[in-house]
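The values are calculated or read from the model by the stated rules, or taken from the named source; none is laboratory data. This structure is a prediction, so every number in the text was calculated from the model and none was measured. Note: ideal-geometry Cβ built from the backbone for every residue, glycine included; neighbour counts use all protein chains shown. Keep in mind that these areas ignore ligands, DNA and RNA; they rest on the heavy atoms of the full protein, side chains included. Shrake-Rupley method; radii C 1.70, N 1.55, O 1.52, S 1.80 Å.
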Amino acid sequence: MQEFLVKPLSNIAQVGLDKLEGTSCVLNESASEPDGVLVRSTKLSSEDLTDNLKAISRAGAGVNNIPVEECTEKGIVVFNTPGANANAVKELVLAGLMLSSRNIYASIDFVNDLTDKIEMSELEPYLESNKKQFKGNELSGSSLGVVGLGAIGSKVARMGVALDMEVIGFDPALSVEAAWKLPSQVKPATTLEELFRVSDYISIHIPALPTTEKIINKDLFKFSNNLSLLNFARHEVVNTQDVLNFIDKGNLRNFITDFPTPELIQRANEKKDVILLPHIGASTAQAEENCAVMAVNQLTEFLQTGNIVNSVNFPDVRLNRTTDYRISIINKNVPAMIGQIATELGELKLNIAEMTNVSKGDIAYNLIDIENEVSEESINKLKGIENVIDVRLIG
Ligand code: MLT
């Protein structure tokens, strides 16, 4: 039986690693040529994309720590775990909304400073006469804009409805599946500008991509008035300097983020209108376990069967195994590849029992069950076809 080496490059919850038991995937922390890699937020570089590497499974949603484009060129499948930590992030957004609306952070600081008030008779009246400065607002009845209605954003939108907020969502790439999950009370905004005009609170839930870099910026802030902005997505999607400028102008009331930058830390030290957390949105026992289990299951399924689910750079593929000999072929998504592959298989006298071919962007992926024995020599012949990136015999 084929054996696959799986190397963890971050701390992965044990319950996930336990899922390797009983599979043909073996945990090996020092493997120099792993077949699969498990990673959380550790930043990977070209050096981590070793020759034998077939897949990287990210225990989390964001893949901005992985050189995905290079992986695609090399035929390395990158998985993530959409939804596995969505509840954890949603709950921290709730905390962010509360921090923002009720002056909780400044209130705690105020009380902690009262170490000189050692008598209750002095402390109590002092608190009562000073509490007016921390008067807040209720979330109920105010408007919540949600940017990005994927696994996390849709949960945040539903939470807003449950809090009796007026919820407006913006997601030009909303999937039918995600749309079905949204309550009817969530109103769609057709532009970000519209969302920024009408929202009291805005929570951002979009991935960091070249197309989303600093997409939340002064061109939107100018339409806001006293807005509370929450970023539990990635620091790259927000123009931080614009945030600070527009807090000073009054368009933004405050900024609560899980992604501090040096300039934000500077500001948070001076004023309470910036509240910073150290990227703990997904840091709950439950989320870490959910992500680890999902990441390991997806990786083992792929290494053992070639089936793909939840890849960011490859299409979803599932072919129920019908023979003892299965090959996977990764090729550039260019015309006439299926014909060339079928011709080569014919010349090698390999008979196809079942075959599927699916593409995503520049990449195409074939799973082929063969009726007769497939030799290493045949695999090498298939590798020689122009525009084929990799061929694997899945024993
Ligand atoms: C995510 O992208 O899902 C989170 O950033 C996960 C994490 O904290 O590792």
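Of the candidates Val37, Val6, the single residue that is open to solvent by less than 10 Å² (accessible area, probe 1.4 Å), at pLDDT 95 or above, in a strand (DSSP E or B) and away from the ligand (no atom under 16 Å from the Cβ) is Val6. Entry remark, region 290-317: residues being closer than 13 Å to Gly36 by Cα and among the charged types (D, E, K, R) number 1 in total.
Counting only helices (runs of 4 or more DSSP H) that fall entirely inside region 151-200 and contain at least 1 residues that are polar (S, T, N, Q), the qualifying elements are 151-162. Answer with yes or no whether Lys187 is closer than 20 Å to Ser143 by Cβ, open to solvent by 20 Å² or more (accessible area, probe 1.4 Å), within 25 Å of the chain's Cα centre (by Cα) and not aromatic (Phe, Trp, Tyr). So Lys187 fits the description; yes.
Among the residues of region 76-111, those identified as over 22 Å from Val274 (Cα atoms), within 11 Å of the ligand (Cβ to nearest atom) and not small (Gly, Ala, Ser) are Asn80, Thr81, Pro82, Asn85. Out of the residues in region 40-66 that are away from the ligand (no atom under 16 Å from the Cβ) and in a loop (DSSP other than H, G, I, E, B), which is nearest to Ala282 (Cα to Cα)? My answer is Ser45. None of Ala295, Ala282 is open to solvent by less than 10 Å² (accessible area, probe 1.4 Å), touching a helix residue (DSSP H, G or I) at 6+ places or on another chain (Cβ under 8 Å), within 14 Å of the ligand (Cβ to nearest atom) and not hydroxyl-bearing (Ser, Thr, Tyr) except Ala295. When each of Asn307, Asn269 is tested for being open to solvent by less than 20 Å² (accessible area, probe 1.4 Å) and of a type outside the set (Gly, Ala, Ser), the lone residue that passes is Asn307. Exactly one residue among Phe232, Phe255, Phe223, Phe302 is open to solvent by less than 20 Å² (accessible area, probe 1.4 Å), away from the ligand (no atom under 16 Å from the Cβ) and touching a helix residue (DSSP H, G or I) at 6+ places or on another chain (Cβ under 6 Å), and that residue is Phe255. If you check Leu149, Leu139 for being touching a Gly at 6+ places or on another chain (Cβ under 9 Å) and within 26 Å of Ser107 (Cα to Cα), only one passes: Leu139.
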